1. Stretch residue 30-residue 208 to full length: gain in nm at 0.36 nm per residue minus the Cα-Cα span?
2. Which length gain, in nm to one decimal place, applies between residue 219 and residue 154 when the Cα-Cα distance is subtracted from 0.36 nm times their residue separation?
3. Just to check I understand the Karplus step: with θ = phi - 60° and J = 6.51 cos²θ - 1.76 cosθ + 1.60, what whole-Hz values come out for the range 182-191, glycine and proline as x?
4. Can you pull the one-decimal nm distance between simple spin-label points at residue 113 and residue 142, each 7 Å off the Cα toward Cβ?
5. Label points 7 Å out from Cα along the Cβ direction at residue 186 and residue 122: separation in nm?
Amino acid sequence: MNSQLGLVNVWTQGDWVTKTVASVLLIMSLATWIVIIIKALDVLKHKKLAKNAEAFWHSEDFNTGLTQLGGDASNPFRQLALAGQDATNHHRNTKAQLHDTLDASDWVTRSLRNAIDDSTARLQSGLAILASVGSTAPFVGLFGTVWGIYHALLGIGASGQATIDKVAGPIGEALIMTALGLAVAIPAVLGYNALVRGNKSILIKLSRFAHDLHAYFMTGARVSHSHSADKVIALKKA
């Protein structure tokens, strides 16, 4: 009797609706774990890159600092530094254009903010999948359960036997779909929350790095926060 119950029996005895629901949940689960693994590795990579940001300020000049950040073009800290450099050079060698009415500080600030926004969009890509799966998977599983119970009751009514052994098996199999929906949704929700926290810590480091870059391009030195006072610290010489 027990060998005839379970996931295998739900699949073999289910109609096209039941199989479609099960397939959708499987696809959701695969997408969830793929996104979680890829984005988790991405967070670990960016945290490692963030550690190199401090080495940038101990370089003898800007170009050496870029070398400390590494040659990866996707490095958001390197992109920030290059964006600030390009904005500064552009403002120093400008022609009569509308954006040239901005002072150097505003122009560099806007360029750094644009670079941070681009990095934020890349960090958050894929999280919408986790949010969608986490919010819809339980309802997809519930739909499969309702559909399974409906057909189970039809079968029981047709047989004319409503004893507990005839009801428990089909109803129990139908409830498996709800369990599958929860099994898909819970990792998606937990993964989403963990990745959001990881991305937030990276964005905080990016904002601090951008603040220091702004001070460097405007004054030639980095602003370091010490308690309530700001101290200006020049780049370390070799």
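Since every read-out is calculated from the coordinates, none of them should be taken as a lab result. Nothing here was measured: the structure is a model prediction, and the numbers come from that model. Neighbour counts run over all protein chains shown; Cβ positions are idealised from the backbone, glycine included.
1. Details: separation 178, 0.36 × 178 = 64.08 nm, distance 3.62 nm.
Stretched fully, the residue 30-residue 208 segment lengthens by 60.5 nm.
2. Working: separation 65, 0.36 × 65 = 23.40 nm, distance 7.91 nm.
Using 0.36 nm per residue and subtracting the Cα-Cα distance, I get 15.5 nm.
3. Running phi through 6.51 cos²θ - 1.76 cosθ + 1.60 with θ = phi - 60° gives 5, 5, 7, 6, 4, x, 5, 5, 5, x Hz.
4. So the two model labels end up 4.2 nm from each other.
5. 3.5
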